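**Q** Mind having a look at this structure? Questions to follow.
The values are calculated or read from the model by the stated rules, or taken from the named source; none is laboratory data. These numbers were taken from a predicted model, which means no experiment stands behind them. Backbone-built Cβ (ideal geometry, glycine too); neighbour counts: all protein chains shown. Please note that ligands, DNA and RNA were not included when accessible areas were found on the heavy atoms of the full protein model with its side chains. Shrake-Rupley method; radii C 1.70, N 1.55, O 1.52, S 1.80 Å.
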Amino acid sequence: MSVHAQSALIAAILLLAMGINVAFQEKRVAHRLTFLFWIAGFFSLNAAIFAFSLSGGALTLRALLFAGLLVALSTVYFFERYLQKPAGVWRTLSTSTSIVVGLLILTRLGETLFMAGLVALFAVGSYGYGVFSLYQRMREASLVEAARLRYVVLFGVSSILTSGLDLIALFGVGVPSLGYLVNTIYVFVWMQIIQKSRLLDLKDLLGRGLGLLIQSVLISLVFSALVRWGVGPEGTSFFSTVLASVVIIVTFDPGKRLIELWMGRLFFVETFELDLQMSLLKREISSLIDVAALSERLLERLRASKRVTHASVFLMEKAGRGYACQREIGPLQERRVDMIQRRHLLEALRGGETLTRAQVTHEVAKDMEARQRQLELQEALDALSADLIFPFLSSGRLLGFLCVQDDRVREPFSSHEISLIAEVTARVVNALENSALFERLTEKDRLSAIGEMAAGMAHEIRNPLGAIKAAVQLLELDEEDEEQQELVSVILEETNRLSLVLSQFLDYARPFKGNMAATSIGRVLERVATLVRTEDWPGPIEVRVELGPKLPKVYADGDLLQQICLNLARNACEAMEAGGTLTLKAVASREGHPGRPGESLPRVQVAVSDTGPGMTEEVRKNLFIPFFTTKRKGTGLGLAISQRLLAHHQSAIRVDSTVGMGTTMRFTLPLAAPLGDGGAPR
Ligand code: ADP
Ligand code: MG
C-alpha cells in the first residue's frame, strides 16, 4: 500500500468516527447537518483517493472527481451557513457547476486530465472562498472573536495549501503529503467549534487535541499489552481482545475526565482554577446566610482562582438610596454607588444580564442621550474597576452586584468564564434572599407603603380643613368682642399653615412626573423675579436678574424649575429680615456638578444669592432634611422638595454661606442640545 493510500484510509476512518460522533450526539447543536455534509465530502474524497491509489482505474478516477465536487459544494454550504450568509451567487454557482461538471464526468471527458484539473481547481476555489469569508468576518469581529477566528483562518489556509500539494503528489510528483493530516485536524477543530457552539481559544483547543492523543495512546497501550502478551487461555486472542475491551470501556469515563482535568491544568490554568473555585463556592453558598460571610467567601474564591485582579461586592444600603461596597480585592475608586448619579448603570443592571465592558464600548450611540449614557457607563466601569458586572437580581429588584476585573490582560473574559461566574451569582441571589438584607428590603417596602398611606391621609385631612376654614369665615362675629376676633384669626392662620404643610408634603410625596423639554432658564428667572417682587417681605428687597451671554436652553421641566427657583428665592427673601439684594443668575459653565468632578460637559449654572445673615454650621447640616426649619411659620419642606426635584435633573444644590455675609445656592442643569463650536446652541 502506498503512503497515499494509507494516509487516505486513516483520514477516512477518522472522519467517519467524527461524523458518527456528531451525528449521534444527544445534544442537538446548530449547523449540525451542514457540518455532517462537509465531513461527508471529505470522507468520500479520502475514500476515493484510497480506492484510486489501489486500482487507478477509470471508475475510481470518476469517483474521485465526484468526491472533489462534493467537497467543493459542501464547503460552500457549510461556511455560508456557519457565517449565516444569505443564499447568494456562490451557492447557486457552485450548485449548478457541480451538476454540470458532474454530468460531464459521466461522459468520456471524465477520464481526462483536463477534467481532473478542473475539479481540483473548483474544489480548491470553493475551499478558498469559504476560508476567505471567514477572514472577512474576522475583520469585522470584536477583539476577542477576531483573535479566535484568526487561527481558524490560518488553519484553513494551511489546509488549502497542503491539500493542493497532495493533489500534485497524487499524480506522481514527489512532494510530501500532509494534506490528509492537516485536513483531518481542521475538521476536528471545527467539530469542537460546532459542539461547543462557540469559537474556542487556541490554548483550549490544543488542550483538547493533546488530551485526545494521550487518551488514545493510553488505550492502545492497554489494548496491546493485554492482547499481545496473551492474558487468558493459550491461543485465544479473542478472549484477550474482549478482556482488553472490557477494561478499556470500564476505565474510559473516569480516565477521560482525569485526562481532561490534567489538560485543563496544563493549558488553562486560569479557567481551570476558576472552574474549580466556583464549583467549590456553589457548594458552600447554601450554608452562608450571613451577608458579610457570603461576600467574603465569594471574593476569597475569586482571588484563589487567580483570574481577577479586582473584584468587589456591592449591596443595597439600608435606606435604599444606593449600593455600598461590602468587600473588595484590589484598589477601588468608588465605594458607594448612588441611586441617582449612577442611574444608567443601575438601569442596565436591572435588565438582569451581565454587563461587560466590551458590550459598552462596542455599542454605537445613535443620539446625544445614548452617547452620554455610554460615557457614563464607561466612567462607572472605570470608577468601579470592573470589566464585568454581575447583577444580583431577585424578582426585578437589584439586591446588589459583583464587579470583576483582570487588568493584566487586554482581552476581556471568555464567555465560558463569564458563565462560570454568572452561575455562582444566581446562587448568591438565593442566599441573599434568605438573609437579613432581604428582610430589610421588605421593611423598606413596608415603609414606602406607609409613605403612600400618609399621602392618602394628607388628602383626607386637607378637605375637612378647607371646610373648617370656610365655616369660620362665615361665622357671624360680634364686632365688639376683640377676644372672639383674636381667636378666629388664630383658627384661620393655623388652618392656613396646616394646609400649606399638607400641600407641600404632598408635593414631596408625589411621584416625579416631569415634563422634560428644552427650557429657557432666563425666562424662568424673570418670572420668579416678577413673582417675588409682588410678594410682601419683612424688609425692602431689591431683585436683580443677571443672565450670561448666549445662554443655551436647558433640559428641564419649566414648571418644576420655576418651583425650585421660587423656593430658593423665597428662602433668601425670608432670610433678609432687614432687607437686601436678591440676585438670580444664570451662566454657561463647564464646571460640572457636585459628586462628578471629572465631568466637563457644558451645563448651565444657576445661582440664587442673598445679602442676608447666612447660616450656621448646624443649620447647614440639616438644610435638606424634611421638616427641618428655623422659621416660626416654616414647613421645612422647601429645600427637601427642591433637592428631590433637582435630582431628577441629574443635579443637586450646592450651598455657599458665610455668617453675616449672605448665602448663595447653586445648581447646574444639563443642556437641551450639545454646544456647537461657537458656544451657541446648535
Ligand atoms: P422653610 O423655608 O419652610 O423653613 P426650607 O427647607 O425652605 O424650609 O429651609 C430650611 C431652612 O434652611 C430654613 O428654615 C432656614 O433656616 C434655612 N435657610 C434656607 N435658605 C436660607 C438662606 N438663603 N439664608 C439663610 N438660611 C436659609
Ligand atoms: Mg422655604
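**Q** Among the listed residues Pro613, Pro626, Pro594, identify the single one that is out of contact with any Phe, Trp or Tyr (no Cβ under 8 Å at 6 or more places or on another chain), open to solvent by 30 Å² or more (accessible area, probe 1.4 Å), modelled with pLDDT under 85 and of a type outside the set (Val, Ile, Thr). Quick ask: steps written out before the conclusion?
**A** Working: Pro613 fails: modelled with pLDDT under 85; Pro626 fails: out of contact with any Phe, Trp or Tyr (no Cβ under 8 Å at 6 or more places or on another chain).
Being out of contact with any Phe, Trp or Tyr (no Cβ under 8 Å at 6 or more places or on another chain), open to solvent by 30 Å² or more (accessible area, probe 1.4 Å), modelled with pLDDT under 85 and of a type outside the set (Val, Ile, Thr) holds for just one of Pro613, Pro626, Pro594, which is Pro594.
**Q** Taking Arg632, is it within 16 Å of ligand 2 (Cβ to nearest atom), open to solvent by 30 Å² or more (accessible area, probe 1.4 Å) and within 27 Å of Val554 (Cβ to Cβ)? Let's see the steps before the verdict.
**A** On the way: within 16 Å of ligand 2 (Cβ to nearest atom): yes; open to solvent by 30 Å² or more (accessible area, probe 1.4 Å): yes; within 27 Å of Val554 (Cβ to Cβ): no.
Answer is no for this residue.
**Q** Still on this structure, please answer the following. Test each condition in (1) surrounded by fewer than 17 Cβ atoms within 10 Å (Cβ to Cβ); (2) modelled with pLDDT under 85; (3) under 25 Å from Gln215 (Cα atoms) for Pro233 and report the one that comes out false.
**A** (3)
**Q** State which residue pairs qualify: first residue closer than 14 Å to Tyr508 by Cα and inside segment 449-477, second residue modelled with pLDDT under 85 and open to solvent by 50 Å² or more (accessible area, probe 1.4 Å) in any location, beta carbons under 8 Å apart, and separation of 6 or more residues or different chains.
**A** Ala455/Arg510
**Q** Next question. Where residues in segment 605-623 are under 27 Å from Asp338 (Cβ atoms) and among the β-branched types (Val, Ile, Thr), which of them is farthest from ligand 1 (Cβ to nearest atom)? Steps first, please.
**A** Step one: of segment 605-623, the residues under 27 Å from Asp338 (Cβ atoms) are 605-608, 615, 617-623.
Within this subset, residues satisfying the condition of being among the β-branched types (Val, Ile, Thr) are 606, 608, 619.
Details: Val606: 14, Val608: 8, Val619: 5 Å.
My answer is Val606.
**Q** For Tyr82, all conditions in the list (1) touching a Ser or Thr at 6+ places or on another chain (Cβ under 8 Å); (2) more than 20 Å from Gln195 (Cα to Cα) hold save one; what is the number of the exception?
**A** (2)
**Q** Which residues, taken from segment 246-275, are modelled with pLDDT of 85 or more, among the aliphatic types (A, V, I, L, M) and open to solvent by 30 Å² or more (accessible area, probe 1.4 Å)?
**A** Val246, Val247, Ile249, Val250
**Q** Residues that are loosely packed, with under 15 Cβ neighbours inside 10 Å: list the strands (runs of 3 or more DSSP E) wholly contained in segment 309-402 that include at least 1 such residues.
**A** Details: elements: 310-316, 322-329, 336-338, 388-394.
Answer list for segment 309-402: 322-329, 336-338.
**Q** Can you find a residue in segment 10-30 that is over 46 Å from the mean Cα position of the chain (by Cα) and part of a helix (DSSP H, G or I)?
**A** Of segment 10-30, the ones over 46 Å from the mean Cα position of the chain (by Cα) are 10.
If we keep only those that are part of a helix (DSSP H, G or I) as well, we get 10.
Checking segment 10-30: at least one residue is over 46 Å from the mean Cα position of the chain (by Cα) and part of a helix (DSSP H, G or I).
**Q** Consider Gln650 against the criteria (1) within 16 Å of ligand 2 (Cβ to nearest atom); (2) in contact with a helix residue (DSSP H, G or I) (Cβ under 9 Å, 6 or more places away or on another chain); (3) modelled with pLDDT under 95: it satisfies all of them except one. Which criterion is unmet?
**A** Result: Gln650 passes all but (1).
**Q** Would you please name the residue that is farthest from Thr635 (Cα to Cα), looking only at residues in segment 472-501 that are among the acidic types (Asp, Glu) and under 60 Å from the mean Cα position of the chain (by Cα)? Give the derivation first.
**A** Of segment 472-501, the ones among the acidic types (Asp, Glu) are 476, 478-483, 486, 493-494.
Subset that is under 60 Å from the mean Cα position of the chain (by Cα): 493-494.
On the way: Glu493: 14, Glu494: 12 Å.
Among them, the one singled out is Glu493.
**Q** Test each condition in (1) out of contact with any Pro (no Cβ under 6 Å at 6 or more places or on another chain); (2) more than 10 Å from ligand 1 (Cβ to nearest atom) for Ala652 and report the one that comes out false.
**A** Every listed condition holds for Ala652 apart from (1).
**Q** Name the residue that is surrounded by the fewest Cβ atoms within 10 Å (Cβ to Cβ), counting only residues in segment 534-583 that are within 16 Å of ligand 2 (Cβ to nearest atom) and part of a strand (DSSP E or B).
**A** Ile541
**Q** Which ones in segment 469-484 are open to solvent by 80 Å² or more (accessible area, probe 1.4 Å) and assigned to a helix (DSSP H, G or I)?
**A** Correct list: Gln473, Leu474, Glu482, Glu483.
**Q** Let me spell it out: the conditions are (1) assigned to a helix (DSSP H, G or I); (2) closer than 17 Å to Ile389 by Cβ, and Leu294 meets all of them except one. Which number is the exception?
**A** (2)
**Q** Hey, among Leu178, Leu134, Leu212, which residue is modelled with pLDDT of 80 or more and open to solvent by 80 Å² or more (accessible area, probe 1.4 Å)?
**A** Leu212
For (1) closer than 30 Å to Glu369 by Cα; (2) modelled with pLDDT of 95 or more; (3) within 16 Å of ligand 1 (Cβ to nearest atom), each residue gets a yes or a no:
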position	(1), (2), (3)
Gly514	yes, no, no
Thr534	no, no, no
Pro538	no, no, yes
Val545	no, yes, no
Gly548	yes, no, no
Cys565	yes, yes, yes
Leu568	yes, yes, yes
Cys573	no, yes, yes
Glu577	no, no, yes
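**Q** In segment 624-649, what residues are of a type in the set (A, V, I, L, M) and either more than 18 Å from Leu506 (Cα to Cα) or more than 10 Å from ligand 1 (Cβ to nearest atom) (or both)?
**A** To start, the set of residues in segment 624-649 that are of a type in the set (A, V, I, L, M) comprises 625, 637, 639-641, 645-647.
Correct list: Leu645, Leu646, Ala647.
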